[in-house]
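Contents: one structure, followed by commentary.
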Amino acid sequence: MTDIAEFDIAHAGRRVSGHGLDAWLAEARELLKLAGPLALTQLAQMTIMGTDMYMLGHFSTQALASAALGNTIFFFAWLMGFGPASAVSPMIAHILGASPNNRTGVRAVARMGLWSVVIVSVPLFVLLQFAGPILLALGQRPELAEGAGHFVGALAFGVPFTLGYQVLRNYSTALSRPTAPLIVMGSAILFNAVADYALIFGHFGFPRLGLTGSGIASSCSFLFSFCAMLLVIRLTPTLNKYRILRRIHRPHWEKLAEVFRLGLPIGLTTIFEAMLFNCAALVMGTFGTASVAAHQISLLIPSFTFMVPLGVAMAATVRVGLAAGARDFEGVRRAGYSAILIGAAFMSVMAIVLWTWPREIASLWLADTPSAHEVIALAVVFLHVAAAFQIVDGIQVIGALSLRGLKDARAPMWIAGASYWLVGAPAGLILAFSFHLKGFGIWMGLAVGLAVAAAGMCARFWYLTRQR
């Protein structure tokens, strides 16, 4: 236990001891120091998605709506592969905590993480080729489903590269090098913007491919990110010394089984929350093109703001884990509650911004045309609801990842499943169809689900860290 604690302290920051206000301020400083690069990397990833939506919004409203539906199918497939990739980081951390010089073990985990990507990518690629028929079966409009099918068909070629990048990113983060993925994501923003501009609108001698061009550009961006991450690892001595591609063809069955065994609950927890929002887009499709486009724009804005508390939450996992490993229950409470307060404070500011300037924000993603006026009007309504749930959205993710720092993973999974699918989803459907509130009702259901999840996560954290 002493070796693990010393390793974590060296790589994740100083463990704060003492009492009173000084201890709380010191904990906040350590938390923010760790959360900074994590949040910036998340924001960079969202910037890439925002670029895609910006380009398609200026191409046509129908293209934007088709991409919104297509991304729903693609994101579900991506989440199915995300779980095993996300298992790489905690597995490597455990190995290095027990034996900091165990290069063989680290290499085996990274190698099997890449193996898992190959294993899951084949069925996911096949699934994504049927995106159009799936959307038709779910009641979407034929013209939107057809466009989404072309978009996702091109996007599917990037699946192994985007999941492979996640493996390499988690490998880098576990070795306390979170700036490496940040550098790659910063470069990918520029690459993706140029590729979108060229392939959607037909510039630089490329054909005007519209929605399909956006899918091709995204796949090329996934490939670029994967290759750039490999290059950064090769050029970084701390990362390169493990030589993770050495004997890549050799299996390590025990590590491969652990990758899938550990990744399953992580993936399910993420799916419960993420698919609530994505399934909301499918329901929006039954209300018309304007509702889908407004939903996608309105969802993108809070997704950006969410990245900051997500970075704080990822840091909270480490900070809570440090204190828990030392059996410092006061430190556990201080780390978790400090993260919750920081996240709530930031999201309070974002709530004011979204409530005050919703029309100006929505207009950034659409050209000033008559067809866009209905979309902007709906987006204003949705953004007002988003402003109302900003604080609980930040609290629920920080609460969940603070619990993960206590190695409490199953309870957050069940809390998320119950909050989103037994409360939030039914509430949204009842309000949308029984009370004829349509898109506004769906967004109210999202807000209710997030509020229940936040209360559940905080109650669980309080229960596990109450005064002993």
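Here are the numbers for the structure shown:
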| read-out | value |
| --- | --- |
| Full-stretch length increase - Ile430, Trp462 - with 0.36 nm per residue and alpha-carbon distance subtracted | 8.3 nm |
| Only Lys, Arg (+1) and Asp, Glu (-1) charged, at Cβ; the chain dipole about Cα centre in debye | 1560 debye |
| Net charge of Cβ neighbours under 15 Å - reference Gly149; Lys, Arg +1; Asp, Glu -1 | -1 |
| Full-extension gain in nm, Cys227 to Val381, via 0.36 nm per residue minus C-alpha separation | 51.3 nm |
| Percentage relative contact order, segment 60-262, counting C-alpha pairs under 8 Å, at least six apart | 30 percent |
| Dipole of segment 60-262, positive direction: furthest Cα of Phe130, Leu168, Ala68, with charges on the beta-carbon | Leu168 |
| Selection from Phe206, Ile244, Gly263 lying farthest towards where the dipole of segment 175-290 points positive, charges on Cβ | Ile244 |
| For segment 256-272, 3J(HN,Hα) per residue [Karplus equation, 6.51 cos²θ - 1.76 cosθ + 1.60, θ = phi - 60°, Hz, x = Gly/Pro] | 5, 5, 5, 4, 6, 5, 7, x, 4, x, 5, x, 5, 4, 5, 5, 3 |
| Rounded Å value of the spacing that divides the Cα centres of segment 90-162 and segment 355-421 | 24 Å |
| Descending semi-axes in Å of the chain, equivalent ellipsoid built from Cα gyration tensor | 35, 28, 20 |
| Debye, to nearest 20: dipole size of segment 60-262, +1 on Lys, Arg Cβ, -1 on Asp, Glu Cβ | 1040 debye |
| Three-way shape call for segment 413-468 based on the alpha-carbon gyration tensor, with the a/c threshold at 1.5 | prolate |
| Within segment 374-468: Cβ-based charge dipole about Cα centre, in debye rounded to nearest 20 (Lys, Arg +1; Asp, Glu -1) | 520 debye |
| Projected label distance in nm at Glu374 and Leu25, using a 7 Å step from Cα toward the beta-carbon | 5.6 nm |
| Backbone HN-Hα couplings from phi across segment 181-195 [Karplus 6.51/-1.76/1.60, Hz, Gly and Pro as x] | x, 5, 4, 5, 5, x, 5, 5, 4, 5, 4, 5, 5, 5, 5 |
| Residues Glu27, Glu143, sorted so that the one with the fewest Cβ neighbours within 10 Å comes first | Glu143, Glu27 |
| Dipole of segment 314-468, positive direction: furthest Cα of Ala379, Ser402, Leu450, with charges on the beta-carbon | Ser402 |
| Simple spin-label estimate for Ala409 and Glu143 in nanometres, 7 Å along Cα-Cβ | 4.7 nm |
| For segment 339-356, 3J(HN,Hα) per residue [Karplus equation, 6.51 cos²θ - 1.76 cosθ + 1.60, θ = phi - 60°, Hz, x = Gly/Pro] | 5, 4, 5, 5, x, 5, 5, 4, 5, 5, 5, 5, 4, 5, 5, 5, 6, 7 |
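None of the figures in this text is laboratory data; all of them are computed from the coordinates on show. Keep in mind it's a predicted model, so treat the numbers as computed, not measured. Note that we place each Cβ from the backbone using ideal geometry, even for glycine, and neighbour counts take in every protein chain shown.
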